[in-house]
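Asker: Take a look at the following structure, please.
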C-alpha cells in the first residue's frame, strides 16, 4: 500500500508539473518585485538613510515585528496561489486521464481505484502544502539576501538590522501549521472537486462551481435559510486556528504598535488544540471522506472504453 502510494505520488509529479512550476514561478516573481521595489526606493536617498538609521537604533522587538510583517506578504501570496493550484489540480487530475484515455492504461496496472484517488487526495492536502512551504522558505531567504545587499550598499549593517532579528523559524513553523490546517479545513472542497473530476464529461470548472453558487441562492429564495451559505462561504474565512484574532487585524495601527512594543510571534497566535477540537474540522473531514468515496465509486464503475 505505502509503496503504491509513493509510486502514485511520483506519477502526479510526472503528469502535473504545475505542482512545482507554479510555486517556483510565483516565488521568482515575488523576488523580482522585491528587488524592483528596493531599486525604486533607492532614489529617495534622504528618506532611505533616515529609515536605515532608525532601524539600526530601534529595539530588537521592533525589528522583529517589522521583518515578520515583511515576510507575511509573500506567505499569503503563496497561500492564495496554493489554493488556486489545488483547485485546478483536483479538477484536472481525474478528468484528464479520461479525456486522453490514459485511464485504460492505469487500470491495467495492479493499483486499485481507491489507491489512485487517495494518492490524489494526499497530493492535494499534504504534498502541495509541503511544496509551498519549501518555496516560501526559499523566497524568504532570497528576499532577505537581496535586502541585505541593498542595506549594505547603503552603508548600514545588515547583520544587525536583518539577520540578528529576523524570526525565520517562527514564520516558517506558523506558516506550515496554517497551510496544513487550511488544507484539512477546506478538504470538503477537495473531495467535491475530485468527485466532479471523476464524473463530468466536459467543463469541470463550470460543473464544480455552478452548484456552489446556485444551490445557496435557491436555498435562500425557496427555504429562506442560509445553511449552505454558511457551510460553503463562511467556512472559507473562519478557520478556528487563531487565538481570538483575525489575520486581517495584523495590519491595523493597534497591531503594528503591539508588534513594535512586544515583537510579533505568529506561533503564539495559533491554537492547534482549538483547531483539532473543532466540530467543524471533523465534520469537514467526514464530508471529504464521503465525497472521496463517491469519487472512487464513480471511477471504478464509469465505463471509459
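The values are calculated or read from the model by the stated rules, or taken from the named source; none is laboratory data. Quick caveat: nothing in here was measured; it's all calculated off a predicted structure. Neighbour counts run over all protein chains shown; Cβ positions are idealised from the backbone, glycine included.
Asker: Out of 75, 18, report the one residue that is touching a helix residue (DSSP H, G or I) at 6+ places or on another chain (Cβ under 9 Å), at pLDDT 75 or above and within 30 Å of residue 165 (Cβ to Cβ).
Answerer: Testing whether each residue is touching a helix residue (DSSP H, G or I) at 6+ places or on another chain (Cβ under 9 Å), at pLDDT 75 or above and within 30 Å of residue 165 (Cβ to Cβ) leaves just 75.
Asker: Moving on to the next point. Test residue 212 against the criterion of being within 19 Å of residue 84 (Cβ to Cβ), touching a helix residue (DSSP H, G or I) at 6+ places or on another chain (Cβ under 8 Å), surrounded by fewer than 14 Cβ atoms within 10 Å (Cβ to Cβ) and modelled with pLDDT of 80 or more, and give yes or no. So that I can check it myself, show each step before the final result.
Answerer: Numbers: within 19 Å of residue 84 (Cβ to Cβ): yes; touching a helix residue (DSSP H, G or I) at 6+ places or on another chain (Cβ under 8 Å): yes; surrounded by fewer than 14 Cβ atoms within 10 Å (Cβ to Cβ): yes; modelled with pLDDT of 80 or more: yes.
Against the criterion (within 19 Å of residue 84 (Cβ to Cβ), touching a helix residue (DSSP H, G or I) at 6+ places or on another chain (Cβ under 8 Å), surrounded by fewer than 14 Cβ atoms within 10 Å (Cβ to Cβ) and modelled with pLDDT of 80 or more), residue 212 qualifies.
Asker: Determine, yes or no, whether residue 196 is crowded, with 16+ Cβ neighbours inside 10 Å, modelled with pLDDT of 80 or more and out of contact with any strand residue (DSSP E or B) (no Cβ under 6 Å at 6 or more places or on another chain). Don't jump to the end; show me each part of the working.
Answerer: Values: crowded, with 16+ Cβ neighbours inside 10 Å: yes; modelled with pLDDT of 80 or more: yes; out of contact with any strand residue (DSSP E or B) (no Cβ under 6 Å at 6 or more places or on another chain): yes.
Spelling it out, residue 196 is indeed crowded, with 16+ Cβ neighbours inside 10 Å, modelled with pLDDT of 80 or more and out of contact with any strand residue (DSSP E or B) (no Cβ under 6 Å at 6 or more places or on another chain).
Asker: Anything in region 267-300 that is over 23 Å from the mean Cα position of the chain (by Cα) and touching a residue at least 24 places away in the same chain (Cβ under 8 Å)? List them, or say none. Break it down stepwise before answering.
Answerer: Taking region 267-300 as the starting set, the residues that turn out to be over 23 Å from the mean Cα position of the chain (by Cα) are 290, 293-300.
Passing the criteria: 290, 294, 295, 296, 298, 299, 300.
Asker: Could you tell me whether any residue of region 91-107 is under 18 Å from the mean Cα position of the chain (by Cα) and assigned to a helix (DSSP H, G or I)? So that I can check it myself, show each step before the final result.
Answerer: Within region 91-107, the first condition is being under 18 Å from the mean Cα position of the chain (by Cα), and the residues that meet it are 91.
Filter once more, so that each one left must be assigned to a helix (DSSP H, G or I): 91.
Looking through region 91-107, at least one residue is under 18 Å from the mean Cα position of the chain (by Cα) and assigned to a helix (DSSP H, G or I).
Asker: Right, another one. Of the numbered conditions (1) assigned to a helix (DSSP H, G or I); (2) at pLDDT 75 or above; (3) surrounded by 15 or more Cβ atoms within 10 Å (Cβ to Cβ), residue 166 fails exactly one; give the number of that condition.
Answerer: Among (1) assigned to a helix (DSSP H, G or I); (2) at pLDDT 75 or above; (3) surrounded by 15 or more Cβ atoms within 10 Å (Cβ to Cβ), the lone unmet condition for residue 166 is (1).
Asker: Looking at region 122-130, is at least one residue part of a helix (DSSP H, G or I), under 24 Å from the mean Cα position of the chain (by Cα) and exposed (fewer than 15 other Cβ atoms within 10 Å of the Cβ)?
Answerer: Yes, region 122-130 contains at least one residue that is part of a helix (DSSP H, G or I), under 24 Å from the mean Cα position of the chain (by Cα) and exposed (fewer than 15 other Cβ atoms within 10 Å of the Cβ).
Asker: Could you list, in sequence order, all residues of region 76-96 that are surrounded by 15 or more Cβ atoms within 10 Å (Cβ to Cβ) and free of Cβ contacts under 8 Å to residues at least 60 places away in the same chain? Lay out the reasoning, then the answer.
Answerer: Within region 76-96, the subset surrounded by 15 or more Cβ atoms within 10 Å (Cβ to Cβ) is 77-79, 81-83, 85-96.
Within region 76-96, 77, 81 meet the criteria.
Asker: Based on what the data block shows, is residue 205 over 26 Å from residue 274 (Cα atoms), out of contact with any strand residue (DSSP E or B) (no Cβ under 7 Å at 6 or more places or on another chain) and modelled with pLDDT of 85 or more?
Answerer: Working: over 26 Å from residue 274 (Cα atoms): yes; out of contact with any strand residue (DSSP E or B) (no Cβ under 7 Å at 6 or more places or on another chain): yes; modelled with pLDDT of 85 or more: yes.
So residue 205 fits the description; yes.
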